[in-house]
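Read through the structure below, which is laid out as structure tokens, and then see the notes.
Read-outs: derived from the displayed coordinates by stated rules, not from any lab. Here the structure is a predicted model, which is why all the values come from computation and not from measurement. Backbone-built Cβ (ideal geometry, glycine too); neighbour counts: all protein chains shown.
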Amino acid sequence: MQKKKLCLLLAMFAGTVNAADFESPLILPSEISHKAIASQWVVGHYQNIEQANKVWDHYKVDIHLLPATVTYFDYPYATIEEVSDEVEQMVASGSTINNTLTTFASQISHTTKGHAQSPMGDDDLILMNKVPLVLSEDTVINKRYQFVYAHEVGHTFGAKHTQENTVGSTEELFKNGYGTKQCNVEGTTSLMSGFTSYNSAIGLPFINGQAGCDQGTADVVKLLNHTAVKKENITPLTGVQTLVASTREDINAQQFEVTLTRSKDIDNAQPATVYVATKVKGDKTAALAPKNVEFAAGSKTAVVTLPFDQVYPLFDNADTKQGTYLVAVTEDEVIPTSVNLLDYNTQWPKNNNGGEGSGGSLSLFWMMMMSLAVYSRRKLV
Ligand SMILES: [Zn+2]
């Protein structure tokens, strides 16, 4: 009895209870709508959100991110600078974006991996809400850049790279909301430092002001919790996370069968899109082209099938410990979290002897690659 009470209390204090929900719509260029890279973007966006939420949960940051609509706009799939310019013109011409977490896509970048605007004080929050994020393709195809999105989200809530960057801040919390390149005696970089070489025993980047990252006066968590409350009141939610995908492995037909259930606009016929992707090393195939499926008028459900011979190459190519995920969306509904197809798989790999697929023989190689990666630092903005 006593034990039960304690668990209940612990659950109450376990972080996400007071977190404010924020949605992150994805806006992709029309020119990629039929290409496999669109699947990598949609699935990758879900993964970015999941990774960011892990960071916020771990450090008791009161932010909880949710995926939202996926929309195609007419803008070029170009460099991050070109897309950022394009977005700036959209904002200047009075586009209706009212959420800083609206994410635009740009090509692979060898320099900056993400762009976001950062408020200097509470006064900036409403104005800044019109300016969306831009991410480079690296953030959805390369595991190494899986926290770039979290970093950019940190900017939109007021966090800066360095103490110098906070000089124009109008409030004390904003003055202390900065990252450091060396955030502990081991010299580890922090999430907001502007470097991607995070190296943490817990698999998450350190964050200034919290255990493991205690050099200087910076306290990013305090700032984020402050702005989360302020932004919650000015950022409307759409509640589009109502689509349901239920998956089963159909061994007879040699395919995965995914039943989508919608809850809006059931009287009308409506298209849905299904995206399947994983993360790979090198030039291997990492995604299927988006698959379209139609809800018939009056029907709550629609079924999409994914033949094993289309999905297994992704299982084969997937990076070590990387799932192969499915995301389904309609114009006004999305699934709340991605589906890992491996969770429904019993038939792959055919010669299931723990060799290929589990990455056994590769792991030493990748461990060496990863330790090299720690020494080659890349800058972000
Ligand atoms: Zn940055």
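For the reader, a short list of remarks on this structure follows.
- Cα pair distances in the chain, grouped into 20 Å bins until the bin that holds the longest one, percent each: 27, 57, 16, 0
- Cross-link pairs 230/264; 291/321; 60/231; 143/281; 60/113; 60/222 - those with Cα-Cα distance over 19 Å: 230/264; 291/321; 60/113
- GNM top mover of 214, 319, 309 - the chain, alpha-carbon springs below 10 Å: 309
- Among 336, 25, 307, the residue with the largest mean-square fluctuation in a Gaussian network model of the chain, with springs joining Cα atoms closer than 10 Å, is 307.
- When the Cα positions of 101, 26, 217 are compared along the charge dipole of the chain, 217 comes out farthest toward the positive end, with charges on each C-beta of Lys, Arg, Asp and Glu.
- DSSP-defined antiparallel bridges as percent of all bridges, the chain, nearest 5: 65
- Lys, Arg +1 and Asp, Glu -1 on Cβ, resulting dipole of the chain about Cα centre, debye, nearest 20: 1240
- One Cα centroid belongs to region 209-228, the other to region 24-83; the line between them spans 26 Å.
- Value at 222 nm in deg cm²/dmol, rounded to 500, when DSSP H runs of n ≥ 4 in the chain each add -39,500 (n - 2.57): -8000 deg cm²/dmol
- Contact order relative to length of the chain, as percent, for alpha carbon pairs under 8 angstrom and 6 or more apart: 17
- Charge tally for residue 107 (other residues, Cβ to Cβ under 11 Å; Lys, Arg +1; Asp, Glu -1): -4.
- Neighbours of residue 329, meaning other residues whose beta-carbon lies under 15 angstrom from its beta-carbon, give a summed charge of -3 when Lys and Arg score +1 and Asp and Glu score -1.
- Here the residues 258, 61, ranked from fewest to most Cβ neighbours within 10 Å of their Cβ, fall in the order 258, 61.
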